[in-house]
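Working notes, structure below.
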Amino acid sequence: MKKFKTPDDFYNSPEWLRLRYRVLRHYGARCLCCKRNDVVIHIDHIKPRSLYPKLQLEFTNCQTLCELCNKGKSNVYKDDWRPPHPVPKLNPSKMMAFLNKFTS
Ligand SMILES: [Zn+2]
């Protein structure tokens, strides 16, 4: 794991800036908690960096929060405000039609 000496080193690193951009691109510049988009948006580490340094550059540990929500969450909570991943719905008749292609 790459070591960053100071928070500034981390938050100015190309690795973080690339990840930060990916997260903004994915979720948009809005707070996933209070839904505001007219405020300063932070990229939050769901599991705080201070406690889980190994996850500091993991896309799956990042979400967009506004400055106030992020400060409120701090390193006290691990709340995940990301929308749930859509679960593909199985359509039984389509499934049967698909399977029948192989049995007839
Ligand atoms: Zn917010």
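Any read-out appearing in this document is the output of simple, stated calculations on the displayed coordinates, not a laboratory observation. The model shown is predicted, which means the values in this text are computed figures rather than measured ones. Cβ: placed from backbone, ideal geometry, glycine included. Neighbour counts: every protein chain shown.
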Note to self: Between helix 92-103 and the chain, what is the angle of the helix's C-alpha long axis to the longest principal axis, kept within 0 to 90° and rounded to the nearest 10?
What the structure shows: 60
Check: How much net charge surrounds Leu55 when only the other residues with a Cβ under 10 Å from the Cβ of Leu55 are counted, with Lys and Arg +1 and Asp and Glu -1?
Finding: +2
Note to self: Quick check: net charge around Asp80, other residues with Cβ under 11 Å of its Cβ, Lys/Arg +1 and Asp/Glu -1?
What the structure shows: +2
Check: Counting Lys and Arg as +1 and Asp and Glu as -1, what is the net charge of the other residues whose Cβ lies under 12 Å from the Cβ of His45?
Finding: +2
Next item on the list: Taking only the C-alpha atoms, wrap a convex hull around the chain and report its volume per residue in Å³ as a whole number.
Entry: 165
Next item on the list: Round to the nearest 10 and give me the degree value, 0 to 90, for the angle of helix 14-27's Cα axis relative to the longest principal axis of the chain.
Entry: 50
Margin query: Under a crude label model (7 Å from the Cα following the beta-carbon direction), how far is Lys5 from Ser93 in nanometres?
Written below: 6.8
Checklist line | Among the listed pairs Lys35/Lys89; Lys2/Lys73; Lys47/Lys73; Lys3/Lys47; Lys35/Lys71; Lys3/Lys78, those beyond 21 Å (Cα-Cα) | finding: Lys35/Lys89; Lys2/Lys73; Lys3/Lys78
